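To start, the structure itself, in structure tokens.
Nothing in this text is a laboratory measurement; each read-out follows from the coordinates by a stated rule. Fair warning: this is a prediction, and the values are worked out from it, not measured in the lab. All Cβ positions, glycine included, derive from the backbone under ideal geometry; neighbour counts span all protein chains shown.
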């Protein structure tokens with residue numbers, strides 16, 4: 001039951017990106033920076049809680065001469081806004097830009113024991129002014145809110161976009177050596193969170209199986225940090241730059257450092273408690289139940305079967321809701337609906353209806369197992385014993401004629 005509650009919570013909550021913080025009230029100020037002003041990208045390590053496992057990104061503007069040291073954050077939202085929970089579920093929750101003093105940010109991340117990295121941007125004075133003014137324009141009441149999207153519009157992609165628009169040149173991002181899909185990038189970051197990984201694979205659709213461009217892969221804060229570390233700017237005439245192969249270029253990152261670090265105490269899920277092993281054990285148990293059903297000539301443990309049918313039906317409703325009735329793009333086109341479908345509801349009926357839909361569901365489950373290699377979506381390996389378990393349960397009601 002503990003894992004079930006966790007999974008249901010995850011199915012709804014995973015779409016949240018890193019920051020659970022109240023909107024900062026903020027204040028307007030003079031955006032004219034001194035010549036010694038410094039703008040940098042801050043990247044924060046993932047936390048152990050589900051809402052912080054992706055890490056976080058922010059922009060720091062530091063100008064000691066103007067007594068400015070602020071951190072701009074695109075990952076905040078207001079818990080007190082009307083209809084908060086329903087907006088969140090529907091994918092209509094407004095995220096926003098806020099800013100806080102740097103020392104307050106330092107205090108918070110040290111308190112939660114999450115490391116922080118700083119990359120100083122190699123900007124000229126006019127680019128710094130342009131970026132600062134863009135942030136202040138974004139912070140205006142009429143501009144600060146945006147509809148969050150897990151892959152394409154979040155606290156990590158927004159800083160990249162605003163930095164690029166402030167450059168007096170073209171940003172060049174290096175193609176990664178290893179091409180991974182959106183899903184594989186997620187899997188790599190949460191390799192120690194097996195149930196989280198399983199839950200995410202259940203609710204995101206086949207859009208996650210496309211290979212992102214270097215720019216799109218920046219939806220993960222740590223990816224953005226590594227990508228910008230090697231990024232360059234193709235400079236326009238008049239910029240301070242170095243000449244390389246007759247092309248005027250300069251590095252985007254002037255310097256980078258680890259501000260502070262904490263040992264990651266994330267314990268991997270014990271082998272026996274991982275989804276694939278839990279479902280494998282339950283599948284083997286189902287084989288035993290299936291054998292005694294055949295041996296006795298009647299279906300036994302119907303309450304156990306009905307529990308699984310109810311869970312499968314509830315899971316299908318979650319997938320349908322996230323696909324068809326929300327604005328979450330990541331949860332569209334979800335082929336898990338092939339085996340986790342609403343037809344399980346009809347298995348609670350009697351007579352021919354139950355038999356007909358048991359056959360239909362059995363066929364869909366068999367197609368899922370047989371088609372794992374060509375279904376246009378990568379499935380979590382843990383569904384193999386799970387689908388096998390459901391297939392044995394459902395087939396009894398569709399193909400056995402001796403039910404009593």
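Here region 298-322 and region 344-404 have alpha carbon centers that stand 11 Å from each other. Taking Cα pairs under 8 Å and at least six residues apart, what relative contact order does the chain come out at, in percent? Worked out over the chain, it gives 17 percent.
For the chain, adding -39500 (n - 2.57) for each run of n ≥ 4 DSSP H residues and dividing by the number of residues yields -13000 deg cm²/dmol at 222 nm.
Taking a point 7 Å from the Cα of residue 272 along the Cα-to-Cβ direction, the residues of region 189-207 with backbone N closer than 19 Å to it are 194-195.
Principal-axis analysis of the Cα atoms of the chain puts helix 383-399 at an angle of about 30° to the longest axis.
Scoring 209-220, 347-358 by mean Cβ neighbours within 10 Å over their residues and listing the highest first yields 209-220, 347-358.
If you average 1/r across every pair of different Cα atoms in region 271-399 and take the reciprocal, what Kirkwood value do you get, in Å? Don't skip to the end; give the middle numbers.
Working: mean 1/r = 0.0649 Å⁻¹.
One over the average 1/r among Cα pairs gives 15.4 Å for region 271-399.
Angle check, please: helix 102-111 long axis (alpha carbons) against the longest principal axis of the chain (alpha carbons), in degrees 0 to 90, nearest 10. Taking the Cα atoms of the chain, the angle to 102-111 is about 30 degrees.
Order these peptides, 147-160, 40-53, 300-313, by their mean beta-carbon neighbour count within 10 angstrom, highest first.
So the peptides 147-160, 40-53, 300-313, ranked by packing, come out 147-160, 40-53, 300-313.
What is the fewest-to-most order of 172, 116 by other Cβ atoms lying within 10 Å of their Cβ? Walk me through the numbers on the way to the answer.
Details: 172 14, 116 20.
By the 10 Å Cβ count, ascending: 172, 116.
For the chain, a Kirkwood radius taken over Cα pairs fed into Stokes-Einstein (20 °C, viscosity 1.002 mPa s) yields D = 90 µm²/s.
Sorting the segments 378-385, 86-93 by their mean number of nearby beta carbons within 10 angstrom, highest to lowest, gives 378-385, 86-93.
Reported to the nearest whole Å, the Cα centre-to-centre distance from region 139-155 to region 31-83 is 14.
Using a Gaussian network model of the chain in which every pair of alpha carbons under 10 angstrom is joined by a spring, one finds that among 110, 295, 66 the greatest mean-square fluctuation is at 295. In plain terms, the C-alpha convex hull of region 59-209 casts an average shadow of 11.9 nm² when viewed from every direction. Stretching the chain fully between residue 137 and residue 373 yields a gain of 80.1 nm (0.36 nm per residue, less the alpha carbon separation). Between 0 and 90 degrees, the angle of helix 194-203 with respect to the longest Cα principal axis of the chain falls at about 80 degrees. For region 245-317, the Kirkwood estimate of hydrodynamic radius, built from reciprocal distances between every pair of different alpha carbons, is 18.3 Å. Based on Cα contacts under 8 Å between residues 6+ apart, region 288-358 shows a relative contact order of 27 percent.
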